[in-house]
Amino acid sequence: MSLAKRIIPCLDVDNGRVVKGVQFVDIRDAGDPVEVARRYDSEGADEITFLDITASSDNRETIVHVVEKVADEVFIPLTVGGGIRELDDVRRMLNAGADKVAINTAAVFNPEFVREATDSVGSQCIVVAIDAKQVSVAGEPLRWEIFTHGGRKTTGLDAIEWARKMVDYGAGEILLTSMDKDGTKTGFNIPLTRAISEAVTVPVIASGGVGTLDHLADGVLEGKADAVLAASIFHFAEYTIQEAKQHMASRGIEMRL
Amino acid sequence: MSSVIAVVDYGMGNLRSVSKAIEHVISAEQRVIVSSDAKEIAAAERVVFPGQGAARDCMKHLRDLQLEEVVLQAAHEKPFLGICMGMQVLMQHSEENQGIDCMNLYPGNVRAFADESLQSQMQTLKIPHMGWNKVSHKQAHPLWDEIPEDSRFYFVHSYYVAPEDETLTAGTTDYGIEFVSAIAKDNVFATQFHPEKSAHDGLQLLKNFCRWNGQV
């Protein structure tokens with residue numbers, strides 16, 4: 001098997017700037033998205049994901065320009081998520097130069113939107129982002145549910161069933177974030193990642209919690225993820241993408257070096 | 001007098017990525033157009049035929065826009081680069097969407113990755129085949145210039161071409177099975193992977209195409 005596992009740096013973009021919140025609160029400025037994307041590309045990033053966290057709809061258009069500028073000079077796959085609510089949003093992002101669009105909250109409120117989007121632009125363009133949080137207590141079998149609004153609202157949907165349903169509806173990939181782990185730097189939620197990855201036929205991107213290079217490798221080796229996503233360890237230059245790839249390769253993972 | 005590279009626009013796929021990547025590698029006298037106009041495509045010096053999505057929609061759009069003929073004509077007479085779905089629809093028939101007749105430039109089918117080939121591995125392989133995989137060169141070709149054997153390119157697809165004529169095979173890739181990831185014949189080169197999304201080696205392949213005289 002020669003398909004490489006992927007490292008995907010994630011840029012949270014607010015109002016045209018890269019930021020990264022710790023558990024969605026403490027936001028620090030991390031730079032110009034075009035510069036950051038260019039650096040990641042040159043370090044060997046396998047893809048880049050932008051999450052638009054701009055709250056005000058007045059500034060929504062900003063992300064389109066960010067995608068256009070990045071797509072003009074960075075020739076690796078680009079995914080855009082955040083605020084994707086209708087087919088027109090999907091088309092706008094793809095036309096701006098995105099290769100994939102991540103749908104999160106809108107899928108929860110209107111699952112048919114995922115079907116409509118995949119019918120229209122193809123499964124390969126549609127990533128369904130799942131924010132899951134553990135709801136079982138100690139002693140119970142592990143169970144996770146889907147949360148929306150940055151982890152503040154539960155939906156009562158079982159995460160594994162939801163992931164399967166989204167694949168039935170055409171999702172070409174699942175971006176899985178553990179709300180319990182996000183921002184903690186204590187590693188991916190391995191049981192969750194593995195459960196979802198083994199439950200679906202499409203690739204799964206693990207997200208939320210990376211603090212060390214071993215965490216990235218664990219996501220693949222133990223969590224069975226096809227790709228790993230991280231933000232802060234790359235933004236603040238704790239590690240380069242190339243260091244991360246070398247480390248994963250040294251643990252026996254097939255990588256594009 | 002500029003020489004034109006036409007990227008065929010039939011509403012399937014990310015044409016901006018393709019045209020921007022080509023713009024990045026063309027020489028000063030070359031120019032890229034994205035066009036759904038048969039006359040413009042016919043007048044171009046070379047043609048890029050991209051594509052994403054489903055075979056059914058792809059063939060429908062080509063026919064609705066009356067572009068099938070001009071694309072086939074280009075594939076017979078000038079440097080021609082098919083990408084992803086733009087490679088698959090050059091074949092006779094696709095298994096996708098319960099069976100779709102394609103452009104029939106080459107005998108052979110487009111097949112789905114079968115469950116048995118994917119289950120036989122240590123771990124179930126995911127579909128789509130998505131990410132960076134190695135391409136092994138099966139013939140010397142100007143489009144492989146300065147691209148090392150087994151370089152990685154970016155793939156995203158659930159179907160692959162199985163040409164009847166084995167001499168068409170220009171590159172292969174391993175994903176549970178060894179499948180044909182590039183074909184070449186006369187003035188045509190086509191790839192299952194996306195050179196426009198494959199960083200340095202992808203740009204090199206596009207650059208090679210822009211300088212290719214269409215001869216092997």
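Any read-out appearing in this document is the output of simple, stated calculations on the displayed coordinates, not a laboratory observation. What you are looking at is a predicted structure, and each value in this text was computed from that prediction instead of being measured. When we count neighbours, we look across all protein chains shown, and the Cβ atoms used for this are built from the backbone with ideal geometry, even at glycine.
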Whole-Hz ³J(HN,Hα) from phi, Karplus 6.51 cos²θ - 1.76 cosθ + 1.60, for the range A:244-252, glycine and proline x:
4, 5, 4, 5, 5, 4, 5, 9, x
For the range A:209-257, Rg(Cα) over 2.2 N^0.38 Å is 1.03
Counting only DSSP beta bridges fully inside the range A:31-147, the antiparallel percentage to nearest 5 is 25
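Just counting partner chain Cβ atoms within 10 Å, what average do the residues of peptide A:40-48 show around their Cβ? The partial results should precede the final answer.
Details: counts 0, 2, 2, 0, 2, 1, 5, 5, 0.
For peptide A:40-48, the averaged partner shielding equals 2.
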Kirkwood hydrodynamic radius (C-alpha pairs) into Stokes-Einstein, the range B:128-216, 25 °C and 0.890 mPa s, D in µm²/s
189
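With each run of n ≥ 4 DSSP H residues scored as -39500 (n - 2.57), what mean residue ellipticity at 222 nm is computed for chain A after dividing by its residue count and rounding to the nearest 500 deg cm²/dmol?
Rounded to the nearest 500, it is -10000 deg cm²/dmol.
Could you grab the Rg to Rh ratio for the range B:156-201? Cα atoms only, Kirkwood for Rh.
On the way: Rg = 11.1 Å, Rh = 11.5 Å.
Rg/Rh for the range B:156-201 comes to 0.97.
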Using only the Cα atoms of the range A:50-164, what semi-axes does the equivalent ellipsoid have when each is the square root of 5 times a gyration tensor eigenvalue? Give whole Å, largest first.
29, 15, 13
Just to be sure I understand the curve: with the Debye formula and one point per C-alpha of the range B:120-168, what is log10 I(q)/I(0) at q = 0.21, 0.25 Å⁻¹?
-1.00, -1.12
Long-range amide H partners of A:Ala230 with built H, under 5 Å
A:Ile8, A:Cys10
Could you list log10 I(q)/I(0) for chain B at q = 0.12, 0.14, 0.17 Å⁻¹, which the Debye formula gives when each Cα is one point scatterer?
-0.57, -0.78, -1.19
Angle in degrees between helix B:15-25 and the longest Cα principal axis of chain B, rounded to the nearest 10
70
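Determine the shape class of the range A:112-257: with a ≥ b ≥ c the square roots of the Cα gyration tensor eigenvalues, call it rounded for a/c under 1.5, and otherwise prolate if a/b is greater than b/c, oblate otherwise. Could you put the intermediate results ahead of the total?
On the way: a/c = 1.80, a/b = 1.29, b/c = 1.39.
Here the range A:112-257 falls in the oblate category.
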Using modelled amide H (1.01 Å from N, peptide plane; none on Pro or chain starts), what sits under 5 Å from the amide H of B:Ala170, excluding residues fewer than 5 places away?
B:Ala182, B:Ile183, B:Ala184
Please compute the Kirkwood hydrodynamic radius over chain A, one decimal place, Å, based on all pairs of different Cα atoms.
18.0
From the phi of every residue in the range B:90-104, what ³J(HN,Hα) in whole Hz does the Karplus formula 6.51 cos²θ - 1.76 cosθ + 1.60 yield, where θ is phi - 60° and glycine or proline is x?
6, 7, 6, 8, 10, 6, 5, 6, 6, x, 9, 6, 9, 7, 6
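Output needed for the range B:5-109: three equivalent-ellipsoid semi-axes, defined as square roots of 5 times the C-alpha gyration tensor eigenvalues, in descending order, whole Å.
Details: eigenvalues 108, 38, 29 Å².
Square roots of five times the eigenvalues give 23, 14, 12 Å.
Give the order of A:Leu142, A:Leu51, B:Leu203 when sorted by the count of other beta carbons within 10 angstrom, beginning with the fewest. Numbers along the way, then the final one.
Values: A:Leu142 12, A:Leu51 25, B:Leu203 17.
Listing A:Leu142, A:Leu51, B:Leu203 from fewest to most nearby Cβ atoms yields A:Leu142, B:Leu203, A:Leu51.
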For A:Ile126, other-chain or 5+-apart residues with amide H closer than 5 Å (H placed, Pro excluded) are A:Val101, A:Gly172
Which chymotrypsin sites (Phe, Trp or Tyr not before Pro) in the range A:161-257 sit in a loop by DSSP (not H, G, I, E or B) and have at most 15 other Cβ atoms within 10 Å of their own Cβ?
A:Phe236
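For every other residue with a beta carbon closer than 11 angstrom to the beta carbon of A:Asp168, add +1 if it is Lys or Arg and -1 if Asp or Glu, then tell me the sum.
Details: positive: A:Arg115, A:Arg164, A:Lys165; negative: A:Glu161.
Combined, the nearby Lys, Arg, Asp and Glu give +2.
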Just how large is the dipole of the range B:41-160 about the Cα centre, in debye to the nearest 20, putting +1 at every Lys and Arg Cβ and -1 at every Asp and Glu Cβ?
160
Label-to-label distance, nm, for residues given as A:Lys185 and A:Phe109 (7 Å Cα→Cβ offset)
3.5
When the scattering of the protein assembly as shown is computed by the Debye formula from its Cα atoms alone, each counted once and equally, what is log10 I(q)/I(0) at q = 0.11, 0.12 Å⁻¹?
-0.85, -1.02
Integer Hz, Karplus 6.51/-1.76/1.60 couplings in order for the range B:133-138, x for Gly and Pro:
10, 7, 10, 9, 6, 10
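Express in % the proportion of alpha carbon pairs of the range B:27-73 at distances exceeding 18 Å.
Details: 350 of 1081 pairs.
Of all Cα-Cα distances in the range B:27-73, 32 percent exceed 18 Å.
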Projected label distance in nm at A:Glu222 and B:Ile33, using a 7 Å step from Cα toward the beta-carbon:
5.8
